[in-house]
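Notes follow the structure.
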Amino acid sequence: MIQLTDISKKFGAHTAVADMNMTLTPGKVMGLIGQNGAGKTTTFRMILNFIEPTSGSILWDDHPITQLDKQRIGFLPEERGLYQKRTVEEQVLYFAELHGMSRADAKASLIQWMKRLDVVGKPTDKVQTLSKGNAQKVQMIASLIFEPDFIILDEPFSGLDPVNTSLMMSEIIRMRDNGAMIIFSSHDMSNVTKISDDLTMLKNGKTVLQGPVQNIREQFGRTRIYVESPTTATELAAIEGVATVTKQGTGFDLVLSDEAAGRRVFELVTRNGYIPAFSQQPPTLDDIFRQEVAIHD
Ligand SMILES: Nc1ncnc2c1ncn2[C@@H]1O[C@H](COP(=O)(O)OP(=O)(O)OP(=O)(O)O)[C@@H](O)[C@H]1O
């Protein structure tokens, strides 16, 4: 288990991270979200001991993270940095050996990883010959080939198409199921919702929301409805407790000021019987994020 307790980081008078608390447990994924400059990278750099916290403690199984522990950490930085003139194999084997893996094991494992991530290219290809997405997949392999116990992923899906994003997700899920502790930052809320057990939302270094993803969503109430029915926007907007009505494809998105209004909406839209769609949900993480950012401004 990794425990961050009251971590703060100041750069001069500026507080980049304020009193952060976080627990990472084996087999669980923590999503870290926040606007640009919220303090995500600074948090990663403190965990990795690249910079020292101004105050607070970071413990792995109750002891400060040692050089040996760092061998068990897989880190995919936001700034991708592969040597263009080296081959895929040279780069990946270098990282694998640095983290205590034998060359022979790493060579065999690289082939498997390249297959699973569908990397177009051979281990002997130079990085400069790979497409951006394939180079990113190779960097992910370099960070994770030694099957780390603790994984830090800074924007792992940036620049990847949906097919490659799912391939990467499958690997993250596989390692989670093998018991890794995982923390990752992303601006893409739908990926965060899919993959995270818990979530920490930062705003200007402060933690504005933290907890299991579904609990966070549910605490905002089931205030969103998607409905497809012959009812008009004017009729929907006139229902007590309906705040907004927006046309969305063949249906309408409704925001409720009170989740109890859902029943009134349902009764009206089904007055003539069957309708193709009705769903009442909590706000999406995207909605919550926008709302929280606005509140804490
Ligand atoms: N070495 C540094 N010296 C001074 N200020 C810094 C330093 N590193 C980060 N900061 C500041 O700390 C704050 C948090 O930055 P950080 O890079 O952690 O944000 P982030 O959430 O990772 O943002 P992004 O999504 O843009 O990567 C920012 O205001 C940034 O300018």
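Quick notes on this one:
- Share of Cα-Cα pairs in the stretch 35-193 lying beyond 22 Å, as whole percent: 42
- The solvent-accessible area of Glu89, taken with every protein chain present and a 1.4 Å probe, is close to 50 Å².
- Residues in the stretch 83-124 that a label on Glu147 would reach, taking backbone N under 13 Å of a point 7 Å out along Cα→Cβ: 101-102, 105-106, 109-110, 113
- Note on Thr244 and Ala13: the model spin-label points, each 7 Å out from Cα along the C-beta direction, lie 3.7 nm apart.
- Each Cα pair under 8 Å and six or more residues apart adds its separation to the average, and for the chain the resulting relative contact order is 20 percent.
- Each of Gln67 and Val255 was given a label point 7 Å from its Cα along the Cα-to-Cβ line. The distance between the two points is 5.4 nm.
- With a Förster radius of 35 Å applied to the C-beta separation of Asp287 and Val120, the computed FRET efficiency comes to 0.40.
- Translational diffusion coefficient (Stokes-Einstein; Kirkwood radius from C-alpha pairs) of the chain at 4 °C, 1.567 mPa s, in µm²/s: 60
- Unsatisfied cross-links (Cα-Cα over 32 Å) in the set Lys70/Lys107; Lys40/Lys122; Lys40/Lys132; Lys70/Lys132: Lys40/Lys122
The values are calculated or read from the model by the stated rules, or taken from the named source; none is laboratory data. Being a predicted model, the structure only gives us computed values, none of them experimental. Heads up, the Cβs are rebuilt from the backbone with ideal geometry, glycines too, and the neighbour counts pull from every protein chain shown. SASA here: full protein model, heavy atoms, side chains in, ligands and nucleic acids out. Shrake-Rupley method; radii C 1.70, N 1.55, O 1.52, S 1.80 Å.
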